[in-house]
Each structure stands twice: as structure tokens, then as C-alpha cells.
Amino acid sequence: MLAEHALEIEITDHLGHDNGSSVTNDTSNTRNGHSAKTLKSDFGALPLDALYPILYLDCIHVKVRDTGVVRNKAVYLAIGVNMEGHKEVLGQWIAQTEGAKFWLQVVTELKNRGVQDIVIACVDGLKGFPDAIEALYPKAAVQLCIVHMVRNSLNFIPWKVQKEVATDLKRIYSAATVDEAELMFTELI
């Protein structure tokens, strides 16, 4: 979207008029519409990969000044881990609130931009979120991220020991094997 906006500004500057403006002096230099393009940069082309082993989908809430008023906005983020193990920001979207319907739009856009499959979708516990992902990527494993798993587990822990238990839970949830996680869990209880 940023590149698209920059290109719009550049063409307006080059032509000397906005889209839809009438041109009185030279009608040979006008806008003729839009079509899909492959953006090439020093970093390579920007169509998305067909496969991402891991896709992180999360939303952060930020305060934004909108028409002179400060409002809370939801910023949706999609971060994919490519086959080389590098993280890529696949997109950012802004909405009024977080919801599964908007996540379905985000996942649909990723599919339309070339992401054919994902192996693991790492998400928060928003109701309906897994259904939105599975609608387009039925083979994807949907799992809660470690931070959300720890937060959900701490709901059942007395406040005085939550910090200590959180540290132990992080070790359990990030264990390399199931056996290692089970051993740490038995030591915890």
C-alpha cells in the first residue's frame, strides 16, 4: 500500500494533475487506469512466496489522531517465516476493532497475493480466528502463540506466584521435545 501511494503521488506530480481532474492544455498525457504490476526493488520482486512454514497473525491496538480526535485503532499484522527461516512482514491493515471477520479478509488478501499454503498459523485466542484461517488454508495447523498460552494458563494461578510460574511455563512451552516439556511440567507440579 505504501508503494502504491508513493506511485500515485509520483504520477500526479509527473502529469501535473490529480486523477479525475480535467486537463485543459494537453490531453495526450492522461491517466489510463490501473493494472497489476510486479514491484521490483534492490531486494527483489515483491509478490509473496507460495509457502510459509510459519505465519504469525496478531493485532496491536494503538492511539491514532484521526480528524483532530485521538482514537483507538486496531493494527493487524501478518508476519511470515519463509523457507530460509527469515521473517517477512507480509502486510499491515488498520481497522476500528479486532474481529474474526476482518481476519478472514486479511487471510483472503494473503491468498490472493500468492500465499498458497502455510504449515503453522500462530495466533491469539480470538473466537472464530481459527475458522477464518482454516476456511482458506484447511491443512494449516493453528496454534496459540507462547505468550497467549502463558497468559491463559496464568488465569488459574494466584497473583503472588504468577511471575515465577510464568517463567516456568515459558520454559515448558518452548521445550524442544514433548518428553522435555512433560519432564519440566512434572517438576513444576
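The values are calculated or read from the model by the stated rules, or taken from the named source; none is laboratory data. None of these values were measured; they are calculated from a predicted model. Here Cβ is always computed from backbone atoms with ideal geometry, including for glycine, and neighbour counts include all displayed protein chains. Only protein heavy atoms, including side chains, enter the accessible area calculation; ligands, DNA and RNA are left aside. Shrake-Rupley method; radii C 1.70, N 1.55, O 1.52, S 1.80 Å.
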Could you tell me whether any residue of region 54-69 is touching an Asp or Glu at 6+ places or on another chain (Cβ under 8 Å) and not in a strand (DSSP E or B)? no
Taking into account only those residues within region 80-119 that are open to solvent by less than 50 Å² (accessible area, probe 1.4 Å) and assigned to a strand (DSSP E or B), which is farthest from residue 54 (Cα to Cα)? 95
Within region 152-186, of all residues that are among the charged types (D, E, K, R) and either in contact with a strand residue (DSSP E or B) (Cβ under 9 Å, 6 or more places away or on another chain) or open to solvent by less than 100 Å² (accessible area, probe 1.4 Å) (or both), the one farthest from residue 127 (Cα to Cα) is 180
Quick one: in region 52-75, which of the residues that are hydroxyl-bearing (Ser, Thr, Tyr) and closer than 18 Å to residue 136 by Cα is surrounded by the most Cβ atoms within 10 Å (Cβ to Cβ)? 52
Going through region 40-54 in order, the residues found to be at pLDDT 75 or above and touching a helix residue (DSSP H, G or I) at 6+ places or on another chain (Cβ under 8 Å) are 48
